Amino acid sequence: MFNSNKRESRNGAGNGESTSLIAAGTEIRGDVQFSGRLHIDGKVEGSIRADSADAVLTLSNHAHIVGEIQAPHIVINGAVTGDVTAGERLELASGARVEGNVYYKILEMSAGAQINGKMVHRSEPPRQLQGPGAETART
């Protein structure tokens with residue numbers, strides 16, 4: 001009656017991707033490296049870095065991070081003290097509080113989200129165009 005395939009593909013369970021959780025009440029002091037999906041409800045004092053190009057980091061409204069964050073896809077609804085670098089997409093929910101610079105390629109920001117720092121857009125690196133005689137010079 002209910003099709004569970006949609007849910008599995010949306011949350012990553014259908015494609016072998018795993019989700020890790022740092023639960024509320026948990027404090028980690030040290031750097032965190034992850035691949036797949038990481039959901040944080042607790043507190044991390046240290047940098048958080050993604051190992052894979054399709055990694056997703058989600059910070060709930062209870063999460064508090066003190067340190068630098070680097071991941072391709074980041075969703076923030078909690079507090080971050082440190083720079084945030086999203087290689088692809090950054091989503092700032094209404095409860096997001098960022099004290100630091102934000103680097104992004106695509107940004108979605110809800111009303112109520114706060115950033116105390118620079119917002120820096122990072123586009124695709126410029127392509128090197130060949131001059132008019134480039135093809136004749138090779139042959």
- prompt: If you take the residues in segment 2-37 that are modelled with pLDDT under 65 and at positive phi, which one is farthest from the chain's Cα centre (by Cα)?
  reply: G16
Wholly within segment 35-102, strands (runs of 3 or more DSSP E) carrying at least 1 residues that are among the hydroxyl-bearing types (S, T, Y): 56-59, 79-81, 84-92
Positions within segment 64-74 being buried (at least 22 other Cβ atoms within 10 Å of the Cβ) and under 11 Å from the mean Cα position of the chain (by Cα), in sequence order: I69, A71, I74
statement: In segment 40-63, residues that are crowded, with 16+ Cβ neighbours inside 10 Å and more than 11 Å from the chain's Cα centre (by Cα) total 9
message: Anything in segment 24-34 that is in a loop (DSSP other than H, G, I, E, B) and within 14 Å of I69 (Cα to Cα)? List them, or say none.
response: G30, D31
- request: Show the residue pairs that are 6+ apart or on different chains and have beta-carbon atoms under 7 Å apart, the first residue being within segment 64-87 and farther than 18 Å from G112 by Cβ, the second being of a type in the set (K, R).
  value: Q70/R49; H73/R89; A86/K105; G87/K105
field: Selection within segment 94-112 - over 14 Å from I74 (Cα atoms) and among the hydrophobic types (A, V, I, L, M, F, W, C)
entry: A111
field: First in segment 111-126 and surrounded by 10 or more Cβ atoms within 10 Å (Cβ to Cβ) and modelled with pLDDT of 95 or more, second anywhere and of a type in the set (D, E) and assigned to a loop (DSSP other than H, G, I, E, B), Cβ under 9 Å, 6 or more apart
entry: G117/D83
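The values are calculated or read from the model by the stated rules, or taken from the named source; none is laboratory data. The shown structure was predicted, so the numbers you read here are calculated from the model rather than taken from an experiment. Note that each Cβ is placed from the backbone with ideal geometry, even for glycine, and that neighbours are counted across all protein chains shown.
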